[in-house]
1. Can you report the number of residues in the stretch 51-97 which are over 30 Å from Arg378 (Cα atoms), of a type outside the set (Val, Ile, Thr) and more than 22 Å from the chain's Cα centre (by Cα)?
2. Which of the residues spanning the stretch 273-306 are assigned to a helix (DSSP H, G or I) and either in contact with a helix residue (DSSP H, G or I) (Cβ under 7 Å, 6 or more places away or on another chain) or crowded, with 24+ Cβ neighbours inside 10 Å (or both)?
3. Does Ser104 qualify as being touching a Leu at 6+ places or on another chain (Cβ under 7 Å) and of a type in the set (Ser, Thr, Tyr)?
4. Suppose the filter is closer than 28 Å to Gly265 by Cα and either charged (D, E, K, R) or crowded, with 24+ Cβ neighbours inside 10 Å (or both); does Leu229 pass it?
5. What pairs come out if I take residues in the stretch 214-237 that are closer than 17 Å to Lys124 by Cα and pair them with residues that are aromatic (Phe, Trp, Tyr) and part of a helix (DSSP H, G or I) whose C-beta lies under 9 Å away, six or more apart or interchain?
6. Please work out if Arg396 is farther than 16 Å from His336 by Cα, touching a residue at least 60 places away in the same chain (Cβ under 8 Å) and not aliphatic (A, V, I, L, M).
7. Looking only at the stretch 247-272, count how many residues are touching a strand residue (DSSP E or B) at 6+ places or on another chain (Cβ under 7 Å), within 16 Å of Lys108 (Cβ to Cβ) and part of a loop (DSSP other than H, G, I, E, B).
8. Taking strands (runs of 3 or more DSSP E) that fall entirely within the stretch 107-218, which contain at least 3 residues that are touching a helix residue (DSSP H, G or I) at 6+ places or on another chain (Cβ under 9 Å), closer than 18 Å to His248 by Cα and not small (Gly, Ala, Ser)?
Amino acid sequence: MVTQSPSKTTTYTDTIIQGEADYIANTYTRPPFMLVHGEGVTLYDTEGNTYLDFVAGIAVNALGYKDPEIVKTLQEGASQLLHVSNLYHTAPHVELARQLVEKSFADKVHFSNSGAEANEAAIKFARKLAQVNNDEQRTGFVAFTGSFHGRTMGALALTAREKYQKPFRPLMPGVTLATYNDLDSARQAITEETAAVFCEPVQGEGGINAATAEFLQGLREICDERGALLVFDQVQCGLGRTGDLFSHSFSGIEPDMLTLAKSLGGGLPIGATLMTDKVANALQPGDHGSTFAGGPLVTQLASVVVRRLSDPDMLQHITETGEYLREQLRRIESNHIVDVRGRGLMCALELDTAATPVIDAAYSHGLLVVSAGPNVVRFVPPLIVEKHHIDAMIARLTSALADAGLME
């Protein structure tokens, strides 16, 4: 157990990094520094270096770091109840569910602990509805190229990424892949044996690809024709990230289920599966559950997040700063930039070469960014980011591009 604190912080950092190699399973690659605290959109490491954070814990820390209301809510919640399980009634999860229902298409909510779990619940609920309807041949699912729905075995089967799937096959059977934003492909894939269609209105890990309104509208029509449920995975793109509280709103249609996580918990783990009564009425006690899901502390915190991100001024801020971010990215003069795209504060810089050297070079310039595929740099900052932060980020990113030899 690593508990020592040597006098030199660099030695302490090295000790922690070595301890990780000694004691933690090797499933992540991390840069050679250790973060210790943050404020606003800035993070600090053990040596006092600062980093502009355009990752936000992978689109999680929507309200940034050290937000006074978040801190106060955590302190008050910790002095009451941390956990009692779903065997007993508590008020905070009911209040959060009420907020989500009143602000969405949904009639009911099921809480879980992550985005993958929220999608696993949606998979199970679609299968249960088919059984209740005596539609037992309806066991299949449709997902799309570029999709990412999680790493658990069911969600992984819906994730169209060979490198994630290959080591763990065989996966859940019955999944058909269609081409994203291609209604003809979707129409061929969705049949009378399809229980549900899973679609991200804006793909995150797949490269920040946005669905068109026509595509989402067409999916709704096809699902209605074939009797399949439509599930919108908004784990990354939901709750204000795109400038709308829910990222499908611009299309004018509604899903049967919608999954949330990431920003919902303000930094604590939580997932949610929103559904219509059509789905909820098929469920009975014992059909699904989770020991930790919907605990009083995290749902109390999530209620604050939902209220804050629902504010029209906040959503307008996200829209305006997102437009500004894309404008400034387009001003970068590099022949290696293929595309700038996104919605709200979910943006991508596509390169004609690997993104990793740029991401690695950015660390030395005090900037945190992350990839979204091999050649895409992703920008998902805290939603409180201001234009002056974006200006500073562009300057640091330009330096990182130069270090990677991409500014000629």
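1. 18
2. Val279, Pro296, Leu297, Val298, Thr299, Gln300, Leu301, Ala302, Ser303, Val304, Val305, Val306
3. So Ser104 passes the test.
4. Yes, satisfied.
5. If the second residue must be aromatic (Phe, Trp, Tyr) and part of a helix (DSSP H, G or I), the pairs left are Leu229/Phe125.
6. yes
7. Here the count works out to 2.
8. Result: 194-199.
The values are calculated or read from the model by the stated rules, or taken from the named source; none is laboratory data. What you see is a predicted model, and the numbers here were worked out from it, not measured in a lab. Glycine gets a Cβ as well: all are built from the backbone with ideal geometry, and neighbour counts include every protein chain shown.
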